[in-house]
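Before any comments, here is the structure.
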Amino acid sequence: MTGTLRLIRLILRRERVLAPLWILLLGSLSAGQAARYARTFTSDATIADFATEMTGNKALLAFSGQVYAPTLAGMTVWKIADTVFVLIGLVTVLTVIRHTRTEEETGRAELLGSGVVGRAAPLAAALGFTWTASLLTGLITALGMIKQGFDAEGSLAFGLAVAAVGIVFAAVAGLAAQLTDGARTAVGLAGLALGVGYVLRFLADGSGREWLKWLSPQGWSHLVKPYATDDLTVLGLSLALTTALTVGAFALRARRDLGAGLLAQKPGPADGRVRSPLALAWRVQRGLLAGWVTGFAVAGVAFGALASAIPGLADKQGDSMREFFERYADNGHTDLVDTYLWLMALSLGYVCALYPLLAVLRMRAEETTGRAELLLTGAVARLRWAAGHLLIATLGSAAILTAGGLAMGAVAGDPWRVLGAVVLQVPAVWVLAGIGVLAFGLLPKAAGWICWGAFLFVNLFGEILGPIVGIPYATSKAVIPFLYLPKVISGGEFSAVPVLGLTVLAVALTAAGLAGLRRRAIV
Amino acid sequence: MKTSDAAIAVTGLRKTFGATVALDGLDLRVREGEVHGFLGPNGAGKSTTIRILLGLMRDDGGEAVLLGGDPWRDATALHRRIAYVPGDVNLWPQLTGGEAIDLLGAVRGGLDKTRRAELLDLFELDPRKRSRTYSKGNRQKVALVAAFASNAELLVLDEPTSGLDPLMEAVFQRCVTAERDRGRTVLLSSHILSEVEALCERVSIIRNGRTVETGTLDDLRHLTRTAVTATLAAPAPGLTALPGVHDVTTDGDTVAFQVDDGHLEAAMTLLAGAGIRGITSRPPTLEQLFLRHYESEATVR
């Protein structure tokens, strides 16, 4: 462990922009949501009505979790908690991998490891930093909630619940970093754990089989039930899992060599069958795509299974229920199941938007590592090189959504309509791909930031961030490509106009990005 | 010289990155069929020049002609005739070394299978290993095998041996010599002066983005001093006063000094008058040539 403190100082230096940004953003999200609800619901009675309506909406419960306290504080937690849990899980995974496996892969760890730095120090430093950052996020969340006038005990319980998710998934990432010798695979493994935790929690709340929640780290934080029971003992599970994962990670670290993983490499062919930029792009991209297709098929099964647990008829009287149907159904005659299916189709689209961005960032990684240069100094034009990756990114997006749509439709017992609704998201996903290509072509150095920013913006702005900063949904939805699509499964008629419009926009963004790529220097 | 015998003809090349001037009117002429050494301290602009020649970057002024074409506009067509080995080779972790070699061959317009096998043997490289398990030296060998087995007319090698051990360095030198004998042109950017001295007919030395010396090694030596050590029968007091003679030191009957090339004869006549019992003279090594430029750069800065 020698040198851990020095490494933490190095991490602080490298994270001085990014970490404060996410800690503040995630920490203030809850108080922002509380302030927004305080403006909307001006009496205890209105909030209680809202709580009753939401309790009857299984589709929304699956996303947000159960309503545990019909108060302003309780409903704030209900609305925002799961979003914060997912986001903090995602950033802690990325942070820990960035300071462990990525460091080893690039050889920087070797440079430091030859100095007075213990073998376990990089892992200890990464975990120490990320855990502290998670606790800080929890603390800011709690303080923000107290400032909104909520009781201190519940606010602290909520803050700890938030921190617990970050802490658990930091440890998950710490372990994943020991298993593989590539940083991307490590992110994939830890991301898979995050996804499994999410789906279990989702199924538990959507189906009413609440015991499933006990299998999910996010579920444990939900079970704290802030402002209802404030049951901190559940977090003992988070602590126990964190301890087990951490002990495991350090044990594995002690047993392996620097740079090596546990999953060994077999010798491969001596002669090449990869003879074109497209074939190479496929080799580079196929692992990522396979992971996404599998993930979407599994998620589709889970979401489809839930459709049968949702009552078709719902009370549409309350304001909030009316708003829900206005957002996700085309007309007042649509039943809850169809509305739920459209919401799920949209959600698959929102998540799938990350895939083409990651695919574009892989192309950028080919460039920064100098591997693209090896191809481009051969008889390969830049556009031909990029075309291979973009073909996989665009067709891959369609394949991912098809896999999710087929699985969800088959399980929900309505295969073709569901498949149609899910595949309809493709042009909106392509718009995100276009933004990625534009960034890659014109602002390559900022491409990583822009891609992740665009993904988070599309996912958070319309429903959560926009309303929190005072932009009504009616306005904020105008910048979200998915919300232009016809709600084909929840009462809407198919219309080619938005589909073509989004496709044209995606093509224009891509073309502009490629034009930039042709002109700029390869670095 | 006609442009047609030049594989590379660069005149007055300029490139700036923001406020930093990377190339400040650089000239470089590489004749067809020669091995040309491209020397300069770190940050002098060697890699920038090479990146412009490879069409990865655009110049801001001046002219660059590569195999008779425009390196930016005609990039794809020209690249069929070029093989490039970077100093820091990064390969696709998913591919084996053999797959990477064949991929590079395929995008360069062909690979000689027999030569590929010979070279793998010479460089003692196992082509079945995954690229991610290769050391720096082995990754470099992959790029070298791909380049030497290609049918390219021009090899552009940017510090290609920085990760090789002395044994492999010798193999590399044999390969470059063989390439020259087959009539291929080689641009060799290198820091290993013995390598440049052994392989290159002509060299260009650049500093701060400008060419400061260019010519054959013999030409360059003529511009500098010869080191002479002589054991004399009698003292030669006139030596210090002689024009072109520097750094005279006397130790008993032994005198050591340096003399500019044009004044060697006068110095010898003077020594002969004093009676020479023994004499050694060394032409300047490339290292001395090189250090002269490095040192003057230090004073410029």
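Only the coordinates and a few stated rules stand behind these numbers; no lab work does. Keep in mind that what you see is a predicted model, and the values were worked out from it rather than measured. Please note: Cβ atoms are built from the backbone with ideal geometry, for glycine as well, and neighbour counts cover all protein chains shown.
I want to check a number: in region B:3-220, how many lysine pairs have alpha carbons closer than 25 Å, given a sequence separation of 8 or more or different chains? Let's see the in-between values first.
Numbers: B:LYS15/B:LYS46; B:LYS46/B:LYS136; B:LYS46/B:LYS141; B:LYS113/B:LYS129; B:LYS113/B:LYS136; B:LYS113/B:LYS141; B:LYS129/B:LYS141.
Lysine pairs meeting both conditions in region B:3-220 amount to 7.
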What are the trypsin sites (Lys or Arg not before Pro) within region B:39-93 that DSSP puts in a loop, where the Cβ has at most 15 other Cβ atoms within 10 Å? B:ARG58, B:ARG73
What do you get for GluC sites (Glu not before Pro) in region B:90-163 restricted to DSSP loop and a cutoff of at most 14 other Cβ within 10 Å of the site's Cβ? B:GLU124
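Can you give me the span-like helices of chain A, meaning DSSP H runs with 27 Å or more of Cα extent along the axis and Kyte-Doolittle mean at or above -0.5? Walk me through the intermediate numbers first.
Details: long enough: A:18-40 (33 Å, 0.73); A:72-99 (39 Å, 1.52); A:121-147 (38 Å, 1.34); A:152-179 (41 Å, 1.81); A:183-207 (35 Å, 1.04); A:235-255 (30 Å, 1.24); A:277-307 (43 Å, 1.20); A:382-412 (45 Å, 1.19); A:496-519 (34 Å, 1.55).
Once both thresholds are applied, what remains is A:18-40, A:72-99, A:121-147, A:152-179, A:183-207, A:235-255, A:277-307, A:382-412, A:496-519.
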For peptide B:126-135, how many partner chain Cβ atoms fall within 10 Å of a residue's Cβ, on average? 4
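From the helices alone, meaning DSSP H stretches of at least four residues, give me the mean residue ellipticity at 222 nm for the protein assembly as shown, per-run term -39500 (n - 2.57), in deg cm²/dmol to the nearest 500. Could the numbers behind the result be given before it?
Working: 33 runs with 481 residues, N = 824.
Calculated mean residue ellipticity at 222 nm is -19000 deg cm²/dmol.
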For region A:444-523 versus region B:69-139, the gap between their alpha-carbon centres in whole angstrom: 40
Specify the angular offset, from 0 to 90 degrees and rounded to the nearest 10, of the alpha carbon long axis of helix B:136-148 from the longest principal axis of the alpha carbons in chain B. 80
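Averaged across the residues of A:366-374, what count of C-beta atoms belonging to other chains lies within 10 Å of each residue's C-beta? All intermediate terms of the calculation are to be shown ahead of the outcome.
On the way: counts 2, 0, 1, 5, 6, 8, 2, 7, 15.
Per residue, the average neighbour count from other chains is 5.
What's the average, rounded to a whole number, of partner chain beta-carbon atoms within 10 Å of each residue's beta-carbon in A:278-287? Don't skip to the end; give the middle numbers.
On the way: counts 0, 2, 8, 0, 0, 5, 4, 1, 1, 1.
So the per-residue partner count for this stretch is 2.
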Could you give the angle, 0 to 90 degrees to the nearest 10, between helix B:113-122's Cα long axis and the longest principal axis of the Cα atoms of chain B? 50
